[in-house]
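**Student:** I have a structure I would like to understand better, so I am pasting it below and will then ask my questions one at a time.
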Amino acid sequence: MAGNRYRRGVESTALLYRLSRDPEDRRMTTTTDTRPAIQVSTRPFGSSFRAEWIKFWTLLSNRILVSIAVLFVPLNALLLSTSLRQRAEDPDPAVHIPSVGYLTFLDSVLWLQLLIAVIAVLAASSENGGKIGMSFLAIPTRLPILGAKAIVVTLVSFAVGAVGAAAGQLLPFALLSGVDVTYIADGADIVWMSLASGLYLGLIAAISLSVMILVKNLIVGLLLPLALYTIVPSVIGSVGGEAGSQISGFFPTVAGRTAISAMENPAGLDSTAGFLIMVAWAIVVLIGAGLRYRFADA
């Protein structure tokens, strides 16, 4: 059922776009229906965005994964707060933790990035096997399709990160009340870190989607971003000496995490520079994905 809805959505987009661009086709499809005519958008990007939004949420797997992603950080905060509360109530003072900062409850965002990468890769691969050709018929220039896909997964990932981080930082206020644990956070911190977490995950999604479009293989598309985010910078930093440590600081996750964690960047980047490095990564791979869409076969 979901597959049929997905296919009909793509076919409808193609028909609407052709009708909006070709008056002759529009006349040939005119009927005697007296209902008001439907206003068809003549903008390919608008049509692409609506189609990609529908296709993303039509897939049950996307809805399940996004739901898990939204709950990931708050559940981690729940478990951590419960642990801190139990420690505070323990009669042994040696296990007490007198205070905790808001960054403690955002470490799980760095694990959540792996799930976001999977969501983005699956979104990019959902039309593999020739199905993307139907969308290319609707939008011959192809680039609006890439832009729409990237914006959809980026917006969804940004919302997941912002909402999850906000909930993860607010829960400790309630869960640690009444015990001898000081929670160090204020409104400005919570707002900024929520937005920073959303931006971080949005950029992770954009990079992962573009990598998948470039390689056009689901297994490689899943493994390559995960290696890029975790394994490769660690290996380079470990075996490359001082130079390798400096280089590892410019990988997307190592650069961007400076804004949402207490980890220092090996290359000395601050949070602003780290985000700019992530943006640069996203732009480069998006350009590569655009060239792949524009000039390669479906």
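The values are calculated or read from the model by the stated rules, or taken from the named source; none is laboratory data. A quick note: this is a predicted structure, and the numbers were derived from the prediction, not measured. Virtual Cβ from ideal backbone geometry, glycine too; neighbours counted across all protein chains shown. Side chains included, ligands, DNA and RNA excluded: accessible areas come from the protein's heavy atoms. Shrake-Rupley method; radii C 1.70, N 1.55, O 1.52, S 1.80 Å.
**Student:** Once you put a point 7 Å from the Cα of LEU143 and another 7 Å from the Cα of MET263, both along the Cβ direction, what distance in nm separates them?
**Tutor:** 3.5 nm
**Student:** Quick check on packing: order 211-220, 68-77 by the mean number of other C-beta atoms within 10 Å, highest mean leading. Numbers along the way, then the final one.
**Tutor:** Numbers: 211-220: 17.7, 68-77: 19.6.
Ranking, from highest mean packing down: 68-77, 211-220.
**Student:** Each residue of the range 103-116 in turn: what ³J(HN,Hα) in whole Hz from Karplus with 6.51, -1.76, 1.60 and θ = phi - 60°, glycine and Pro shown as x?
**Tutor:** With the stated coefficients, the range 103-116 comes to 5, 4, 8, 10, 4, 5, 4, 5, 8, 5, 4, 5, 5, 4 Hz.
**Student:** Further question: Using modelled backbone amide H atoms (1.01 Å from N, in-plane), which distant-in-sequence or interchain residues come within less than 5 Å of ALA267's amide H?
**Tutor:** Amide H to amide H, under 5 Å and 5 or more residues apart or across chains, ALA267 pairs with GLY249.
**Student:** ALA159 versus GLN246, label points 7 Å from Cα toward the beta carbon: distance in nm?
**Tutor:** 4.3 nm
**Student:** Test of understanding: what is the full-extension gain from ILE219 to ILE184, defined as 0.36 nm times their sequence separation minus their Cα-Cα distance?
**Tutor:** Separation in residues times 0.36 nm, less the Cα-Cα distance, equals 8.3 nm.
**Student:** Modelling each spin label as a point 7 Å along the Cα-to-Cβ direction, I'd like the ARG50/GLU89 distance in nm, to one decimal.
**Tutor:** Distance between label points: 5.5 nm.
**Student:** Next question. If the chain between TRP57 and LEU114 were fully stretched, how many nm would it gain, using 0.36 nm times the residue separation less the Cα-Cα distance?
**Tutor:** On the way: separation 57, 0.36 × 57 = 20.52 nm, distance 1.99 nm.
Taking TRP57 through LEU114 to full extension adds about 18.5 nm, to one decimal.
**Student:** Which ³J(HN,Hα) values, rounded to whole Hz and listed in residue order, are derived for the range 261-272 from phi using the Karplus coefficients 6.51, -1.76 and 1.60 in 6.51 cos²θ - 1.76 cosθ + 1.60 with θ = phi - 60°, glycine and proline given as x?
**Tutor:** Coupling constants for the range 261-272: 8, 8, 5, 7, 7, x, 8, x, 6, 8, 5, 5 Hz.
**Student:** Would you kindly derive the ³J(HN,Hα) couplings of the range 171-185 from the backbone phi angles with the Karplus curve 6.51 cos²θ - 1.76 cosθ + 1.60 (θ = phi - 60°), listing them in order in whole Hz, with x for Gly and Pro?
**Tutor:** Whole-Hz 3J(HN,Hα) from phi for the range 171-185: 4, x, 4, 7, 6, 9, 6, x, 10, 7, 9, 8, 9, 9, 6.
**Student:** Something else about it: Packing-wise, with mean Cβ within 10 Å as the measure, how do 80-90, 247-257, 268-278, 200-210 rank, highest first?
**Tutor:** 200-210, 247-257, 268-278, 80-90
**Student:** Which whole-number percent gives the relative contact order of the range 143-298, counting Cα pairs below 8 Å spaced six or more residues apart?
**Tutor:** It rounds to 24 percent for the range 143-298.
**Student:** Quick check for you: with a 1.4 Å probe and neighbouring chains kept, what is the accessible area per residue of the range 92-231, in Å²?
**Tutor:** Ligands and nucleic acids excluded, the result is 39 Å² per residue.
**Student:** Assuming a ≥ b ≥ c are the square roots of the Cα gyration tensor eigenvalues, decide whether the range 141-298 counts as rounded (a/c under 1.5), prolate (otherwise, with a/b larger than b/c) or oblate.
**Tutor:** Note, shape of the range 141-298 comes out oblate.
**Student:** Here is a further query. Size of the dipole of the range 141-298 about the Cα centre, Lys and Arg at +1 and Asp and Glu at -1 on the beta carbon, nothing else charged, in debye to 20?
**Tutor:** That gives a dipole near 840 debye.
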